[in-house]
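J.: Structure provided below as structure tokens; questions to follow.
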Amino acid sequence: MSATATLPKVPDQHGHFGKYGGMFVPETLMAALTELTHEYEMARKDPAFQAELDRLLHEYVGRPTPLYFAERWTEKLGGARIYLKREDLLHTGAHKINNALGQALLALRLGKKRIIAETGAGQHGVATATVCARFGLECVIYMGKIDMERQALNVARMRFLGAEVRAVTAGQATLKEAVNEAMRDWVTNVRSTHYILGSALGSHPFPMMVRDFHRVIGVEARRQILEREERLPDLLVACVGGGSNSIGLFHPFLNDKDVRMVGVEAGGDGIIPERHAARFQGGRLGVLQGTKTWLLANDDGQIELTHSVSAGLDYAAIGPEHAYLHDQGRVEYTYATDEEALDAFQELSRVEGIIPALETAHAVAYVKKAAPKLAKDQIIIVNLSGRGDKDVAQAARHIFGEGLKF
Ligand SMILES: *Cc1c(COP(=O)(O)O)cnc(C)c1O
């Protein structure tokens, strides 16, 4: 498939990215989603809203993030020049706060004083609890009981920040069930409550809105690489869970037809049913939690179990815009296994002194394979979506063995 020069503007006014996306929600949420769509359109055009968002992104969150030339890693791999977009340096440690902050400002415009969110690894929960503390909003975070045990550090952070963390025990007791519980809460409390969804997923307008709040990543990277190299990059790389950090980097480059883009999904133990979360490897079209998209399900349409060493990539569906960009041939999707990600986690730590999140390590693993095959005058930008502090105990267990105690 060849990439089209100019892609149509998506989504349409009903949230469709081609045949993907839409609003697959209970009737009781339609009024709230319509109100949210309308308010977001107003905010987007309001210079005062944008100025407030920009000010807080700068002073509170730490933007712009550096575009760092990874000199030693480039030398080691012996191919393309590698730049890291340092989202790991943001307040709370990952890109997630770009979106959490934008949506908190929207909630204030909507006059909603109570915030709910779901979280898997806890990074989105921490970002949401942080902005709620900053604006004095009540905050309830839904989290699977299994994830709460795996990510105890982030549970403690959310509680320090004043959030109530509610354990979800249904099903696999992980992210999917936490989303179900958050949606149930929203249906019940929709008048007082805004739901800060954490990725480019769910019903319209979330995939569009979350994308827009993360576009700043690509807008900055584009400006920074033009300043530094006086040309556009040849390749962009990002890991893809729901797809927010990747679409944030990719979107401002979509019409630059010579810029290749690769999204890296979680290959887990390899492409064996229920042992990975790579939706484009054996996935199918379906509807999950508000949106029509590419997902992992069995022949009866039941959602399959997923697995990844990184909780942030461990989800059965991908954001609808990625399904669309996949079909257009504009973005390529591949995967990295747990083992490759753990190996990349160590390599970046040792060669550049930067410990990446395990999610991010999947993108790093792809760059390890791709860079040596490219010429020395070519340029790669990889989105360093988050830092690895939260993953230290887990990575240590894998790398140094079970006996290690903290
Ligand atoms: C949550 C998370 C991801 C995956 O989510 P996307 O919406 O696909 O970006 C990736 N990296 C980090 C550090 C995360 O916290």
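The values are calculated or read from the model by the stated rules, or taken from the named source; none is laboratory data. Small disclaimer: the values here were computed from a predicted structure and weren't measured. For neighbour counting, all protein chains shown are included, and Cβ atoms are generated from backbone atoms with ideal geometry for every residue, glycine included. In case anyone asks, the SASA skips ligands and DNA or RNA and just uses the protein heavy atoms, side chains included. Shrake-Rupley method; radii C 1.70, N 1.55, O 1.52, S 1.80 Å.
J.: Can you report the principal axis dimensions of region 107-258 using only the alpha carbons, biggest first, rounded to whole angstrom?
T.: Largest to smallest, the principal-axis extents are 50, 35, 28 Å.
J.: Roll a 1.4 Å probe over the protein chains and send me the accessible area per residue for region 1-140 in Å².
T.: Ligands and nucleic acids excluded, the figure is 42 Å² per residue.
J.: At 1.4 Å probe size, with the rest of the protein present, what percent of the exposed accessible area of the chain is carbon and sulfur atoms?
T.: Answer for the chain: carbon and sulfur cover 51 percent of the accessible area.
J.: Here's a follow-up. What's the local net charge at G248, with K and R +1, D and E -1, over the other residues with C-beta under 13 Å away?
T.: Every neighbour counted, the sum reads +2.
J.: Quote the Stokes-Einstein diffusion coefficient, in whole µm² s⁻¹, for the chain, based on the Kirkwood radius over alpha carbon pairs, a temperature of 10 °C and a viscosity of 1.306 mPa s.
T.: D = 76 µm²/s.
J.: Could you work out how far apart the two model spin labels at A48 and R350 are, taking each label as a point 7 Å from the Cα in the direction of the beta carbon, and quote it in nm?
T.: Between A48 and R350, the label points sit 5.6 nm apart.
J.: Which whole-number value in Å² is the accessible area per residue of region 282-379, probe 1.4 Å?
T.: 36 Å²
J.: Let me ask something additional. Return a whole-number percent for the relative contact order of the chain, with Cα pairs under 8 Å and 6 or more residues apart as the contact set.
T.: Averaging sequence separation for qualifying contacts and normalising by length gives 21 percent for the chain.
J.: Counting only the backbone N, which residues of region 344-361 are under 18 Å from the spot 7 Å out from the Cα of K373 toward its beta-carbon?
T.: 344, by backbone N distance to the label point.
J.: Also, quick follow-up: For K368, give me every one of the lysines with a C-alpha distance below 19 angstrom, ignoring sequence neighbours fewer than eight places off in its own chain.
T.: Filter leaves K76, K85, K376.
J.: Related question: What dipole magnitude, in Debye to the nearest 20, does the chain give about its Cα centre under +1 on Lys/Arg Cβ and -1 on Asp/Glu Cβ?
T.: 640 debye
J.: Continuing with this model, one more query. Once the other residues with Cβ under 10 Å from the Cβ of G312 are scored (Lys, Arg +1; Asp, Glu -1), what is the net sum?
T.: Every neighbour counted, the sum reads -1.
J.: Apply the Karplus parameterisation 6.51 cos²θ - 1.76 cosθ + 1.60, with θ equal to phi minus 60°, to every residue of region 107-122 and state each ³J(HN,Hα) to the nearest whole Hz, in sequence, with x for glycine and proline.
T.: Those phi angles translate into 4, 4, 4, 7, x, 9, 9, 10, 10, 10, 7, 9, 8, x, 6, x Hz.
J.: Return the whole-Å distance between the Cα centroid of region 84-115 and the Cα centroid of region 258-277.
T.: Each part reduced to its Cα centre gives a spacing of 27 Å.
J.: Next up: Kindly state, to the nearest 0.05, the FRET efficiency for E227 paired with A393, given R0 = 30 Å and r defined as their beta-carbon distance.
T.: Computed FRET efficiency for E227 and A393: 0.15.
J.: When Lys and Arg each count +1 and Asp and Glu each count -1, what net charge do the other residues less than 12 Å away from G267, Cβ to Cβ, add up to?
T.: Residues near G267 contribute -4 overall.
J.: Could you tell me how far the Cα centroid of region 164-184 sits from the Cα centroid of region 306-380, in Å?
T.: If we compute the Cα centre of each part, the gap is 27 Å.
J.: Dipole of region 280-353 (Lys/Arg Cβ +1, Asp/Glu Cβ -1, origin at the Cα centre): which of Y333, S310, Q346 lies farthest to the positive side?
T.: Farthest along the dipole direction, towards plus: Y333.
J.: Provide Rg and Dmax in Å for region 140-199, with only Cα atoms included in the calculation.
T.: Rg, Dmax (Cα atoms, Å): 11.5, 33.
J.: What lysines sit close enough to K176 to cross-link, taking a C-alpha to C-alpha distance under 22 Å and skipping anything fewer than 8 places away on the same chain?
T.: K96, K145, K292, K390
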